[in-house]
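Peer 1: Below you will find the structure I want to go over with you.
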Amino acid sequence: VNTIDTVINTGFISAFAGNAGIFIFLIALGVMVALINKAGGSKAFGAWAEKNIKTRSGAILSTFVLGVLIFIDDYFNCLTVGSVMRPVTDSKKISRAKLSYLIDATAAPICMIAPISSWAAAVAGYAPEGEGLRLFIQAIPFNFYSILTLVFIVAIVLMKFDYGPMRIHEVNAKLQGDLYTSGEKAEVADEGHSAKGKVIDLLLPVIVLIITCVIGMIYPGGFFSGESFITAFSNSDASVGLALGAFVSVLISVIYFLARRVISFKDIMESVPEGFKAMVPAILILTFATALKNMTGLLGADVYVEGLMNGAAAGLASFLPAIIFLVACFLAFSTGTS
């Protein structure tokens, strides 16, 4: 009974309560994506890109650039860039495997080095209060995975180079027009879009989202009480700020779409559960990952590793960064989570 009680209360409920702000942020993003899709903004942007992008390299670079611009959240990034760029990459005979790789390899790395993102909120939550964002920003130049992954994408596009299984997918797409090569050919239903949608219906909500999230971040940090922008940003509670910003941006987007008369109020209300459902996997992953962190903490994993490190640290001071890196790799692998 005590075990079950601990798993539920200290594991899952604590994980959910600690991430409530990020969950609100994710749900608001899901609703935003559903609204943009229903308003026809994604379809309009995709049609514009299909008309103006002439080459395969241009389509790949456009996918990468759009992914970099949507740095607020990796799930929001994947949902938006995927729905917008899929028609473009299909028309240029780029395999679905390559499109998936481009989106995934841009979404998480760009969010991991963006101070205004759900990643920043999650990571900052593990640092001492008021220091999270400052430490996150200081660590950006050392986030070699993110930086080198983004460089790698640009390099393979410019060199027109593919290798391994990706080469098989790409050759098959170029020569035979088969975008799948293998696997299930599951298409996303392309219905329910407004015919009145324009490119601005995608761009404006995203721009508003970024602006409101910045304001939401500096508000808890005391910017409107006299603190400087940098101080307010550093002292901000990112999960609260992002939740505030995303919620306000959804309200502004609803008013905008109603004023434009691109979708009805009924369509807007239907977007709420659609957006919620799209973000359920992200919410579950975050809940289970945090619950796992709570349980490994209760089992004393942190104390055990700290003891081992303290014993080795004195004699291996010069190698300590490398040792910490290897220990972090082992812990990430053994717990299956970052």
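Peer 1: Kindly list the number of the only condition in (1) open to solvent by less than 60 Å² (accessible area, probe 1.4 Å); (2) under 16 Å from SER117 (Cβ atoms) that fails for PRO205.
Peer 2: Just one mismatch for PRO205, condition (2).
Peer 1: So for the range 44-64 (the condition being under 21 Å from MET112 (Cβ atoms), modelled with pLDDT under 90, open to solvent by less than 50 Å² (accessible area, probe 1.4 Å) and under 17 Å from the mean Cα position of the chain (by Cα)), does at least one residue qualify?
Peer 2: no
Peer 1: I'm checking my understanding of the structure. Among residues of the range 292-321 that are of a type in the set (Gly, Ala, Ser) and open to solvent by 50 Å² or more (accessible area, probe 1.4 Å), which one is nearest to TYR145 (Cα to Cα)? I'd like the intermediate steps shown before the answer.
Peer 2: Residues of the range 292-321 that are of a type in the set (Gly, Ala, Ser), as a first pass: 297, 300-301, 307, 311-315, 317-318.
Next, only the ones that are open to solvent by 50 Å² or more (accessible area, probe 1.4 Å) stay: 311, 314-315, 317-318.
Working: GLY311: 29, ALA314: 29, GLY315: 29, ALA317: 24, SER318: 23 Å.
Once the filter is applied, the top-ranked residue is SER318.
Peer 1: Checking SER118 against (1) out of contact with any Ser or Thr (no Cβ under 6 Å at 6 or more places or on another chain); (2) open to solvent by 20 Å² or more (accessible area, probe 1.4 Å); (3) modelled with pLDDT under 90, only one condition comes out false. Which one?
Peer 2: It fails just one condition, (2).
Peer 1: Any residue in the range 240-262 that is touching a Lys or Arg at 6+ places or on another chain (Cβ under 7 Å) and buried (at least 20 other Cβ atoms within 10 Å of the Cβ)? Talk me through it step by step, then tell me what you get.
Peer 2: First, the residues of the range 240-262 that are touching a Lys or Arg at 6+ places or on another chain (Cβ under 7 Å): 262.
Okay, now just the ones that are also buried (at least 20 other Cβ atoms within 10 Å of the Cβ), so 262.
Yes: the range 240-262 contains one or more residues that are touching a Lys or Arg at 6+ places or on another chain (Cβ under 7 Å) and buried (at least 20 other Cβ atoms within 10 Å of the Cβ).
Peer 1: So MET159 passes all but one of these: (1) open to solvent by 100 Å² or more (accessible area, probe 1.4 Å); (2) among the aliphatic types (A, V, I, L, M); (3) under 22 Å from ALA289 (Cα atoms). Which condition number does it fail?
Peer 2: The number of the failed condition is (3).
Peer 1: Might you check whether a residue that is more than 18 Å from the chain's Cα centre (by Cα), in a loop (DSSP other than H, G, I, E, B), modelled with pLDDT of 90 or more and loosely packed, with under 15 Cβ neighbours inside 10 Å occurs anywhere in the range 263-272?
Peer 2: Within the range 263-272, the subset more than 18 Å from the chain's Cα centre (by Cα) is 263-272.
Those left that are additionally in a loop (DSSP other than H, G, I, E, B): 263-264.
Now drop any that are not modelled with pLDDT of 90 or more, which leaves 263-264.
If we keep only those that are loosely packed, with under 15 Cβ neighbours inside 10 Å too, we end up with 264.
Checked against the condition, which is being more than 18 Å from the chain's Cα centre (by Cα), in a loop (DSSP other than H, G, I, E, B), modelled with pLDDT of 90 or more and loosely packed, with under 15 Cβ neighbours inside 10 Å, the range 263-272 yields at least one hit.
Peer 1: Please verify whether the range 44-57 includes one or more residues that are assigned to a helix (DSSP H, G or I), under 25 Å from SER146 (Cβ atoms), in contact (Cβ under 8 Å) with a residue 40 or more places away in the chain and of a type in the set (A, V, I, L, M, F, W, C). Walk me through it before giving the result.
Peer 2: Of all residues in the range 44-57, those assigned to a helix (DSSP H, G or I) come to 44-52, 56-57.
Now drop any that are not under 25 Å from SER146 (Cβ atoms), which leaves 57.
Checking the rest, the ones that are also in contact (Cβ under 8 Å) with a residue 40 or more places away in the chain come to 57.
Filter once more, keeping what is of a type in the set (A, V, I, L, M, F, W, C): none.
The answer is no, given that none of the residues of the range 44-57 is assigned to a helix (DSSP H, G or I), under 25 Å from SER146 (Cβ atoms), in contact (Cβ under 8 Å) with a residue 40 or more places away in the chain and of a type in the set (A, V, I, L, M, F, W, C).
Peer 1: Provide a single number: the residues in the range 289-324 that are assigned to a helix (DSSP H, G or I) and without any contact (Cβ under 8 Å) to a residue 24 or more places away in the chain.
Peer 2: Step one: filter the range 289-324 for residues assigned to a helix (DSSP H, G or I), giving 289-298, 301-313, 317-324.
Applying the additional criterion that residues be without any contact (Cβ under 8 Å) to a residue 24 or more places away in the chain yields 297, 302-304, 306-313, 317-324.
The number of residues fulfilling the criteria is 20.
Peer 1: So which of ILE210, ILE168, ILE147 ends up being among the β-branched types (Val, Ile, Thr), out of contact with any helix residue (DSSP H, G or I) (no Cβ under 8 Å at 6 or more places or on another chain) and closer than 29 Å to ALA278 by Cα? Steps first, please.
Peer 2: Working: ILE168 fails: closer than 29 Å to ALA278 by Cα; ILE147 fails: out of contact with any helix residue (DSSP H, G or I) (no Cβ under 8 Å at 6 or more places or on another chain).
The unique qualifying residue is ILE210.
Peer 1: So the check is Cβ under 7 Å with 6+ separation or different chains; which pairs have a first residue in the range 5-30 that's farther than 13 Å from ASN294 by Cβ and a second one that's modelled with pLDDT under 90 and among the acidic types (Asp, Glu)?
Peer 2: LEU26/ASP73; LEU29/ASP73
Peer 1: Moving to a separate point now. Do we have THR89 as hydroxyl-bearing (Ser, Thr, Tyr), assigned to a helix (DSSP H, G or I), modelled with pLDDT of 90 or more and over 25 Å from MET32 (Cβ atoms) here? I'd like the intermediate steps shown before the answer.
Peer 2: On the way: hydroxyl-bearing (Ser, Thr, Tyr): yes; assigned to a helix (DSSP H, G or I): yes; modelled with pLDDT of 90 or more: yes; over 25 Å from MET32 (Cβ atoms): no.
It is false that THR89 is hydroxyl-bearing (Ser, Thr, Tyr), assigned to a helix (DSSP H, G or I), modelled with pLDDT of 90 or more and over 25 Å from MET32 (Cβ atoms).
Peer 1: Pull out all pairs, ordered by first then second residue, where Cβ-Cβ is under 9 Å, the residues are six or more apart or on different chains, the first lies in the range 221-242 and is in a helix (DSSP H, G or I), and the second is modelled with pLDDT of 80 or more and among the acidic types (Asp, Glu).
Peer 2: Listed pairs, sorted by first residue: LEU242/ASP73.
Peer 1: A follow-up question, please. LYS38 fails exactly one of the following numbered conditions: (1) open to solvent by 10 Å² or more (accessible area, probe 1.4 Å); (2) farther than 19 Å from PHE265 by Cα; (3) touching an Asp or Glu at 6+ places or on another chain (Cβ under 9 Å). What is the number of that condition?
Peer 2: (2)
The values are calculated or read from the model by the stated rules, or taken from the named source; none is laboratory data. Just so it is clear, the structure is predicted and the values come from calculations on it, not from any experiment. No Cβ is skipped: glycine too gets one built from the backbone with ideal geometry, and neighbour counts run over all protein chains shown. What goes into the accessible areas is simple: the full protein's heavy atoms, side chains included, and nothing from ligands, DNA or RNA. Shrake-Rupley method; radii C 1.70, N 1.55, O 1.52, S 1.80 Å.
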